[in-house]
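Here the structure is laid out as structure tokens; the discussion comes afterwards.
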Amino acid sequence: MRHTSSFRILLGAALLALLVSACGGGGGGSGSSSSAATSGSPVTNTSPAPQVVAANAVQVSVDAGVSSVPNMPFVSVTVCAPGTTQCQTIDHVLVDTGSWGLRVFASQLPATMNLPQQKDGSGNQIAECMQFFDGYTWGAVKLADLQIAGEKAPSLPIQVIDPTYASLPTDCAAVGASRNTPTALQANGVLGIGVFKHDCGSNCVQKAVPATYYACTGSSCTSIPLAEQYQVANPIPYFATDNNGSILNLPTVAGGAQSVTGQLIFGIGTQSNNGLGSAQVIGVSPQNGTFTTVQNGVTYSRSILDSGSTGLFFQTTSLPVCASPNNAYYCPASTESLSAMIQGANGTTSAVNFSVANATSVAQTYRGSSALPQLAGPAFVTSSIFDWGLPFFYGRSVYAAVEQQATPGGTGPYVAY
């Protein structure tokens, strides 16, 4: 379903953080960050102000972030009460091409900032349970002006994560662990900029989808269907310009790096800095955003390009899994040089070479590094999924074209690189 996000691989990253700590480096448990906040406490922004490279571009950093988890790309975003100058800038928000919409914590917003409550056509106050592989975020859907670099999406529906909002529905709690604090989520928020406009889309319009959208009165919340116009929204198609997609550009990393800096550029073919050039356009399913990968004779029909995943995640018997508790990753005896063929829904094929290193050795050799390009594992994926996570993005410009938006490569949705 479209509203579920491949960003949910984060628990595998947490296991690597434990692995790094056990090997004497990184300082890595989820409770180790001074910048993380629990619900109800303020967040201390520790990174410098974002460097605006151009009006449609913003700096992206892969660094230690909130919890010293590797391979997490972050930006800063500014949230404002609609139509006002009452704003808050939030750093270390995860850039996620595998989900749709902005999610921030109520604890990071000033108590004086009164964001309007989103209501449906019947006047119901709307809340959302956002499902991840290993858990959920819960909170009200509210309206905010979102500013990133020189781009602005006015009155955008966002999720304000707040475990104290109303009463947590039983079916939401049953999804898994609560990810309702920055420490638990491993980030100060999520900026979902994938290929769809809304986080549930047509799936939620005709019928209530369990553990998704709710109408709340007082402390009571009831699962409901919800028209797309009221759903948490990808901000890009709501920009005045540069609103047909994005490009995530990160430098090449050899082995490991303490941190790296790149750019998130908005628009495709709208400015001098976002042309499609010779990038290969990979068509994706308009239903779920997937394409096909063939690797070592195995076909993975539900493949994704997902900057919110901390490794390349796919099931294979040709690579040994690390010993528990680090079995979110593979541990080959030596680094394996592999190849795969990506096949788009539009018939485009593209050969990709990649390497998989022993995760235990990586943790020892590159302890303290945040950019680790050779991590892969089986974490939380089924036999049909190949999750091309952040290691794929190093050394590439990766495009995500939004559904129904015209671009030089055709109308979205598609990905390209």
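Scan region 139-149 and tell me whether some residue there is out of contact with any strand residue (DSSP E or B) (no Cβ under 8 Å at 6 or more places or on another chain) and either outside any loop (DSSP other than H, G, I, E, B) or modelled with pLDDT under 95 (or both).
no
Go through (1) modelled with pLDDT of 95 or more; (2) surrounded by fewer than 22 Cβ atoms within 10 Å (Cβ to Cβ); (3) of a type in the set (Ser, Thr, Tyr); (4) under 24 Å from the mean Cα position of the chain (by Cα) one by one and return the number of the condition Ser339 breaks.
(4)
So in region 380-409, with the set limited to residues that are of a type in the set (Ser, Thr, Tyr) and surrounded by fewer than 18 Cβ atoms within 10 Å (Cβ to Cβ), which one is modelled with the lowest pLDDT?
Out of the qualifying residues, it is Thr382.
How about region 181-196: which of its residues are crowded, with 24+ Cβ neighbours inside 10 Å and assigned to a loop (DSSP other than H, G, I, E, B)?
The answer is Gln186, Ala187, Asn188, Gly194, Val195, Phe196.
Can you work out which of the residues in region 125-164 that are of a type in the set (S, T, N, Q) and closer than 21 Å to Leu226 by Cα is surrounded by the fewest Cβ atoms within 10 Å (Cβ to Cβ)? Even if it seems obvious, please write down each step before you answer.
Initially, region 125-164 is screened for residues of a type in the set (S, T, N, Q), giving 125, 131, 137, 147, 155, 159, 164.
Next cut, closer than 21 Å to Leu226 by Cα only: 125, 131, 137, 155, 159.
Working: Gln125: 19, Gln131: 21, Thr137: 26, Ser155: 14, Gln159: 28.
Filtering first and then ranking leaves Ser155.
Which of the residues spanning region 170-224 are within 18 Å of the chain's Cα centre (by Cα) and among the acidic types (Asp, Glu)?
Scanning region 170-224 gives a single hit, Asp199.
Cβ contacts < 6 Å: first residue in the same structural domain as Asp120 (by TED's automatic domain parsing), restricted to region 141-166; second residue surrounded by fewer than 22 Cβ atoms within 10 Å (Cβ to Cβ) and among the polar types (S, T, N, Q), any location; separation 6+ or different chain. Result?
Close Cβ pairs (under 6 Å, with a partner that is surrounded by fewer than 22 Cβ atoms within 10 Å (Cβ to Cβ) and among the polar types (S, T, N, Q)) amount to Lys142/Gln117; Leu143/Ser155; Gln147/Thr78; Pro163/Ser39; Ala166/Ser219.
Taking the condition of being over 15 Å from Leu264 (Cβ atoms) and part of a loop (DSSP other than H, G, I, E, B), how many residues in region 72-98 meet it?
6
How many residues are surrounded by fewer than 23 Cβ atoms within 10 Å (Cβ to Cβ), in contact with a helix residue (DSSP H, G or I) (Cβ under 8 Å, 6 or more places away or on another chain) and not in a strand (DSSP E or B) if we restrict to region 165-180?
Residues flagged as surrounded by fewer than 23 Cβ atoms within 10 Å (Cβ to Cβ), in contact with a helix residue (DSSP H, G or I) (Cβ under 8 Å, 6 or more places away or on another chain) and not in a strand (DSSP E or B) within region 165-180 amount to 1.
Just one of the numbered conditions (1) in contact with a strand residue (DSSP E or B) (Cβ under 8 Å, 6 or more places away or on another chain); (2) closer than 24 Å to Tyr399 by Cβ is not true of Thr270; which one?
It is condition (1) that Thr270 fails.
If we scan region 202-216, do we find a residue that is out of contact with any helix residue (DSSP H, G or I) (no Cβ under 8 Å at 6 or more places or on another chain), crowded, with 19+ Cβ neighbours inside 10 Å and closer than 16 Å to Phe132 by Cβ?
No, that holds for no residue.
Of all residues in region 61-100 being of a type outside the set (Val, Ile, Thr) and more than 28 Å from Pro373 (Cβ to Cβ), which is surrounded by the fewest Cβ atoms within 10 Å (Cβ to Cβ)?
It comes out as Gly83.
Is it true that Tyr300 is touching a Cys at 6+ places or on another chain (Cβ under 6 Å), surrounded by 16 or more Cβ atoms within 10 Å (Cβ to Cβ), more than 17 Å from Asn244 (Cα to Cα) and not assigned by TED's automatic domain parsing to the domain that holds Asn56?
Judged against the criteria, Tyr300 is not a match.
Going through region 392-416 one residue at a time, which ones are assigned to a strand (DSSP E or B) and of a type outside the set (Gly, Ala, Ser)?
The answer is Tyr394, Val398, Tyr399, Glu403, Tyr414, Val415.
Given the criteria part of a strand (DSSP E or B) and of a type in the set (Gly, Ala, Ser), does Ala111 qualify?
no
Working carefully through the options Gly269, Gly308, find the one that is in a loop (DSSP other than H, G, I, E, B), within 22 Å of Trp100 (Cβ to Cβ) and in contact with an Asp or Glu (Cβ under 9 Å, 6 or more places away or on another chain).
Gly308
The values are calculated or read from the model by the stated rules, or taken from the named source; none is laboratory data. Values in this document were obtained by computation on a predicted structure and should not be read as measured data. Backbone-built Cβ (ideal geometry, glycine too); neighbour counts: all protein chains shown.
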